[in-house]
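Have a look at the structure below, then the notes.
Bear in mind these aren't lab numbers, they're just calculated from the coordinates by the rules spelled out. The model shown is predicted, which means the values in this text are computed figures rather than measured ones. With ideal geometry, Cβ positions are generated from the backbone for all residues, glycine too; neighbour counts draw on all protein chains shown.
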Amino acid sequence: MSDAVSALNGATYNGFVTVTELGLRGMITLRGDLSSAGVKNAAIGVTGVDMPGQRQVHTVKESGLAWMSPDELLVMTPYAEVGDKLAQIDKLLKGKHYLAVNVSDARAMFRIEGAGVREVMAKLCPVDMAPDAFTPGVFRRTRMAQIPAAIWMPSDDAVQIICFRSVADYAFGLLKDAAEPGSEVGLFA
Amino acid sequence: MSTRLATGGRLLETGRAVNFTFNGKRLTGYEGDTLASALLANDQMLVGRSFKYHRPRGIVASGGEEPNALVGLGTGARFEPNQRATTTELFDGLTATSQNHWPSLEFDVGAVNSKLGRFLTAGFYYKTFISPRPFWKHIYEPIIRQSAGLGKAPKDRDEDKYEHFYAFVDVVIIGGGVAGLQAARAAGQAGAKVLLMEQTAHWGGRAPVDGGSVNGQPVDKFVDEIVSELETMDNVTLRTRMMGAGVYDHGYVLGYERVNDHQPDAPGPRHRLWRIRAGQIVTATGAIERPLSFAGNDIPGVMLASAVRDYAVNYGVSIGDRTVVVTNNDDAYLTAITLKNMGLDVPVILDARAGGGGALADQARDLGIRVENGKGIAKVLGGKRVSGVAVCAQAGEGAVVEEIECDAVAMSGGWSPVVHLWSHCGGKLIWDDAQAHFRPDVDKAPTGAQGEAFVAVAGTANGHLDLAAVLADADAVGKAAAKATGFNPKRKAAPVAEATQAAPVEAIWLMPQGAGINLRMKSWLDYQNDVKVSDVQLAAREGFESVEHAKRYTTLGMATDQGKLSNINGLAILSDALNQPIPQTGTTTFRPPYTPISLSAIAGQARGEIFQPIRKTPMHSWHQENGAHFEPVGQWRRPYCYLQSGESTKTAVHREITQTRNSLALLDASTLGKIIVKGPDAGKFLDMLYTNMMSTLKPGKCRYGLMCSENGFLMDDGVVARIDDDTFLCHTTTGGAESIHGHMEEWLQTEWWDWKVYTANVTEQYAQIAVVGPNARKVLEKLTQDDISADALAFMSFADITLAGIKARAYRISFSGELSYEIAVSASEGRALWDKLLEAGAEFDVTTYGTEGLHVMRAEKGFIMIGDETDGTVIPQDLNMQWAISKKKDDYLGKRAQERSHMTDPTRWKLVGLETTDGSVLPEGAYATAPGTNANGQRNTQGRVTSTYHSPTLGKGIAMALVLNGPDRMGETLEFPKVDGTVVTAKIVDPIFYDKDGEKQNV
Amino acid sequence: MLILTCPSCGVTGEETEFHAGGEAHIKRFGPGSDDDQFHSYLFAKENPKGVHFERWRHNNGCGKWFHAARDTMTLEVFGTYPAQTLEPPKQIRDKITAKHPGWKWREFS
């Protein structure tokens, strides 16, 4: 594991918000019947957070559950624990129809922080980022400029973004451009 | 002459001088000036030459409707042509140049065209230059391009920053005049989220210039108060310098914000394109004054009456010392009164209406201004400047009754509501005969996603020309918009303005009414495109009766201003010529944007490094540092080859292939698609997806498979590995990962939704490295304790191993024909393994190879490549791949289609190999000719090249091709004509050129 | 640019989040079907001016396919519903009837 590096190896940028690539994060795609006790138990069991409702996310530190679609969850864990968590899920769901795969290395995760984070995202995503429309706890899969992305707000002044690893450079470039000092819009201020 | 008055202007900071240049001449204006007002203040009346005749042209308007004052702004990386001087805010250091003249603005050789005006009529180009045909391209077009046209395209890359912004509001209001402001207040007070945008830097629109009182106080005070009030409302956003560019389906609005045009050195974007989704859109876009059509109405110094007033009040600029006012409505009297009150001379007001004007006319007379009813202008005197007007009776044919000296003419032909944004998405118009204009038919608004009307119109844009009516209308529309988006409007009364007593406008489309051809040929409708009254009449005579046809034939209303001044006048003339009422003629289509917006704003942030997503593998930086010559494969960048010093791509590819076949090489295969398919029905599902039988594959084994679309054509291929009873891993082509995953999900979700199968696209989870060559096993054995011998890890099987301390899966598959392992590790460890393999491979003189080496080696082996041998019309049977089509299966996607008569036609071209007889390389896509010609006189064909390379292994040109009855014609030669007229001959051979029995890959 | 509501994740998003996938409610004809059946399955598509049923995928979102009932002239969206069905829901058909009495689309009315 010592040789593992994330797409941008923790790159950062300071604009009117700060942009940080969060390094390696554990992520598991879990597909199955989300209403079944088995899937719920497995998901809650490996993360320690509550089952999220439609388009919601629950996190505690690096662990969490995000609702991806009616039959898919994103299980978030520390990177080093992915193997164990996968084994745990496989054990808990043995004999059931489900799919659990490690996607930690297929993704990049960014965090932007500062008063202007809503504005930065509103430059890139066709999503209403107004405080009354996008609240912490909402998990939204959408388009960030020309790539698919998933976003949520851990708090009122931070957004976390997941995209595919291969386009991490592009995503970082977008966020840097949108956060460039002097380009504040002032809409949500 | 035009000059700055000592009185100052409403929008000027006269304490702050601003320096700028026009055609290299250093001039001074004030902060608050537009480029147009500053030019006029410096007596720069002449600003350009017309499109066709190169006639001298001056500023006509004061806003976005300006057709003449188009200039080139800036220099170098900031040069931009065709910018309207009237909407350009002056800043220190601004440089402007005039356009469309040679050699200079003052003396233009092209002006000789003006003398040829009799011959340069509507459709002139079409009629004159159509024959002889070749002359168009080589002689006429270059000359016309030199002599006609607008600004020059910029040469340098734009260095500014641009961005998009997505906004979601209940009500968006376009236009920050009194109507927009009041509508915003009414909607905002109801609690709706409101965005109000104004294209200029100032609130209030025309009202502060036109005057009047609201709630007993001057209107400019009212504007200040309402703006202050709106600024305190949290649910209301105010933006100036932001134009409503277009209205689109389902409440979509584009707002074009010119953030830094007026302060080019400030940080941040130059333009920001707002992509707004609104519940209701209110267009409070005001109206545009129309010119009058009289001879010489394009001579510099003839200006819209409202613009003359704007320049005087807003910028303290007088257009002339003696201004003749000519009008068909009361509004122009305001201009005369304003000028007179500023101490300027107004020799006469020519009111074309026999009955003259209302209250304002009395006021003018009281000021001592001479008013002549029923009179008009026969023609304007002067060349580059107005020197006087010849007065005539409007009712006659232009007999001159008097000549009056003047240096400016202020004209008003009535007001046309700005209906563009209302109309963009299908809002209908009605002709208002009393006011002589088209206005929105409020009962026929554009409808949205729920079938609801989503655009409303307020104020002058709605045909209300009186301040009192404007405010009442705006208040009602603002409240209605709030209500339509689910809010309860407050029961507050609308502000009350004093109503004015105006005499009705009279439609005057030609001045004088009976103007002869000599006058009509000098009566301009469209200044920008040099279209005169006589041109539109000629078009009608020649049968261009549809307004859309007449537009294209005459060029009326084309180009950057899209006929903001000319359209109504033009279609009135057309209607008259066709002897039909104006509504029957109708208008041309209003299309976005309202005025031109920058292409960069449309591109937004998509430029430079982030022009588009470039997908990179975990080894990308190594490739970059080691001479990779990249090629795009979908959005990926893959090394085509690696250039060592002194190498060409050709010699590098040669070296890479030789080294691979002789010893050892690595390929970054990470881009290959990888999709997990899991579930009790996974085998059954893959049997439907692939032409092969996949359900019989044993865990631990691999099988190459073909995937067809439902219409039978081959769409993807790859190796499927069975991980366990329930789980398969499907490899796809590099470009196919997302589309094949989508294809799988489509069938699972929309056809076989009761099958128990889940899929996951894990393409990017893995870095995949192909370790290839006779020494492949040796190098791996250096790095692992696991048994990877031929017996333990046989060809077409896989095993989980630990390699250099990294958990890996090794697939024994080969696309090169050599002993080969494809090693998959987590993407995060891909670079580490790559480095370790290079280090361990040093003793075998390891090299890396790119996509071209990959292509050549697979062609040497006769392996097909999706996208080369297939093009969406090729079925597996064409490629002699019946071996990969299961005969045991009742069904698979594409099976039924492959039974269609055309698919089973024995004359379908089939795959063969080709060897050129002279060893050269066949051109890509070359066709094999057959005797005779087809119905079009073209040579018949009997085959085409699908892949062609120089094979370093065989030392000659090899190719794959689809050929009529090809497999039955081994040894025959075919002729392939080249583009240069020479012919290459090639012999039909077996497509497997190298190691036909597969002994090398299977050791 | 349209806005659509994905019935799978509930997002109301703009068209750029979605991907249009042609006509809805097509019955597949595979091996054993005659030429006419197969031809009409693969090639004969409705292209109405007015009421239409389409397939869409929320490709920049939850990834699910769904159906949309739309008016191709006015662009009104009568409703969206999951793709795992053989006919449009009654509620949507009623809504269309209210706007277009007597409408007909393939076997539905």
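Amide H contacts of B:I801: B:A808, B:R809, B:A810, each under 5 Å away and 5 or more positions distant or on a separate chain (H built 1.01 Å from N in the peptide plane; Pro and chain starts excluded).
The eigenvalues of the Cα gyration tensor, multiplied by 5 and square-rooted, give the stretch A:26-105 an equivalent ellipsoid with semi-axes of 16, 15, 11 Å from largest to smallest. Computed from the C-beta positions of C:M73 and C:S109 and an R0 of 22 Å, the FRET efficiency is 0.75 to the nearest 0.05. A simple charge model with +1 on the Cβ of Lys and Arg, -1 on the Cβ of Asp and Glu and nothing else charged puts the dipole of the protein assembly as shown at about 1180 debye relative to its Cα centre. Averaging 1/r across all pairs of distinct Cα atoms in the protein assembly as shown and inverting the result yields a Kirkwood radius of 35.4 Å.
The orientation-averaged projected area of the convex hull spanned by the Cα atoms of the stretch B:673-764 comes to 5.2 nm². Computed extension gain for B:R78 through B:E781, at 0.36 nm per residue and net of the alpha carbon distance, reaches 247.0 nm. If you model chain C as an ellipsoid using its alpha carbon gyration tensor, with each semi-axis the square root of five times an eigenvalue, the axes come out at 23, 19, 12 Å, biggest first.
Using Cα springs under 10 Å in a Gaussian network model of chain C, which residue among C:P82, C:P48, C:P31 shows the largest mean-square fluctuation? Between C:P82, C:P48, C:P31, it is C:P31 that shows the largest mean-square fluctuation.
Counting, for every residue in B:750-761, the Cβ atoms of other protein chains within 10 Å of its Cβ and taking the mean gives 5.
Could you give the length gained by full extension between B:K152 and B:D997, i.e. 0.36 nm per residue of separation minus their alpha carbon distance, to one decimal place? Value of the extension gain: 297.7 nm. When the protein assembly as shown is described by a simple charge dipole with +1 on each Lys and Arg Cβ and -1 on each Asp and Glu Cβ, the residue from B:Q882, B:G932, B:V419 located farthest towards its positive end is B:G932. With a 10 Å cut-off around each Cβ of A:163-175, the average count of Cβ atoms from other chains is 6. Packing here is the average count of other Cβ atoms within 10 Å per residue, and on that basis the peptides A:129-135, B:779-785, B:581-587, highest first, run B:779-785, B:581-587, A:129-135. For chain A, taking Cα atoms only, Rg and Dmax work out to 16.7, 57 Å respectively. Partnerless cysteines in the protein assembly as shown, where a partner means another cysteine C-beta under 4.7 angstrom, comprise A:C125, A:C163, B:C392, B:C406, B:C425, B:C641, B:C702, B:C708, B:C730, C:C6.
Within chain B, antiparallel bridges make up roughly 75 percent of the DSSP beta bridges whose residues both belong there.
Ordering B:G358, B:G343, B:A378 by Cα displacement along the dipole of the stretch B:337-384 toward the positive end leaves B:A378 in first place; charges were set at the Cβ atoms of Lys, Arg (+1) and Asp, Glu (-1). With the alpha-carbon atoms of chain B aligned to their principal axes, the span from lowest to highest coordinate is 114, 69, 56 Å, starting with the largest.
Basic side chains Lys and Arg get +1 at the Cβ, acidic Asp and Glu get -1 at the Cβ, and with that the dipole of the stretch B:3-111 about its Cα centre reaches some 240 debye.
Less than 15 Å Cβ to Cβ from B:L879, Lys/Arg counted +1 and Asp/Glu -1: what total charge do the surrounding residues give? For residues surrounding B:L879, the net value is -2.
Rounded to the nearest 20 debye, the dipole magnitude of the stretch B:906-1003 is 260 debye, with +1 charges on Lys and Arg beta carbons, -1 on Asp and Glu beta carbons, and the Cα centre as origin. Each residue, B:S228 and B:S213, gets one label point 7 Å from its Cα in the Cβ direction; the gap between the two is 2.0 nm. In straight-distance terms, cross-link reach from A:K61 covers every one of the aspartates and glutamates whose alpha-carbon lies under 17 Å from its own, apart from those fewer than eight places away in the same chain; here that gives A:E21, A:D50, A:E81, A:E113, A:D156, A:D157.
Here the simple spin-label model places points 7 Å from the Cα toward Cβ, and for B:D441 and B:R900 these points are separated by 4.5 nm. Projecting label points 7 angstrom from Cα along Cα→Cβ for B:L5 and B:D321 puts them 1.6 nm apart. Taking a straight Cα-Cα cut-off under 19 Å and skipping sequence neighbours fewer than 8 places away in the same chain, the lysines within cross-link reach of A:K96 are A:K40, A:K85, B:K678, B:K684, B:K756. Candidate cross-link partners of B:K490 among the lysines, defined by an alpha-carbon separation under 21 Å and a same-chain spacing of 8 or more, comprise B:K193, B:K479. FRET efficiency for the B:W755 to B:D918 pair, using the beta carbon distance and R₀ = 60 Å, is estimated at 0.60. Using 1/(1 + (r/R0)^6) with R0 = 41 angstrom and r between the beta carbons of B:D433 and C:L86, what's the FRET efficiency to the nearest 0.05? That gives a FRET efficiency of 0.15.
Hey, quick one: spin label on B:A930, modelled 7 Å out along Cα-Cβ, who in the stretch B:884-920 has an amide N within reach, i.e. under 13 Å? Output list for this probe position: B:906-910. Gain on full extension, evaluated as 0.36 nm per residue between B:K490 and B:N579 minus their Cα-Cα distance, stands at 27.0 nm.
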